[in-house]
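For reference, the structure is listed below as structure tokens.
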Amino acid sequence: MTRPSHRREMAGKAVAVRGVSIALACRTFDVSETCYRYKAKLNGENESLNSTVVAFDESEPFFAALNTLIEQVGAVGELPIEQR
């Protein structure tokens, strides 16, 4: 049995070289079209996404409360439960 990544490569070559449809190549090599079209994210994209997620303004009330909650979870290891 061949690896899915190898079957995906073979399907890609069949589409590029032989001109068969993507659907036919995927059926032939037993690869889902989702797997065929999958592209891994580049490290640069991940870095820019991480910097965007981390860059929040702590002066905003929501983010200040979120930061406090994150600190509490880190200190205790679980979410604080408020008793009513």
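The values are calculated or read from the model by the stated rules, or taken from the named source; none is laboratory data. Just so it is clear, the model here is predicted, and its values are computed rather than measured. FYI the Cβ positions are ideal-geometry reconstructions off the backbone, even for glycines, and counts take in every protein chain you see.
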(Q) List pairs: first residue in the range 27-39 and among the aromatic types (F, W, Y) and exposed (fewer than 13 other Cβ atoms within 10 Å of the Cβ), second residue assigned to a helix (DSSP H, G or I) and modelled with pLDDT of 90 or more anywhere in the structure, Cβ distance under 9 angstrom, at least six positions apart or on different chains. (A) Y38/R8
Q.
Looking at the range 12-24, can you tell me whether even one residue there is loosely packed, with under 11 Cβ neighbours inside 10 Å and outside any helix (DSSP H, G or I)?
A. yes
**Q.** Test: residue in the range 58-76 that is at pLDDT below 65 and out of contact with any Ser or Thr (no Cβ under 9 Å at 6 or more places or on another chain)
**A.** yes
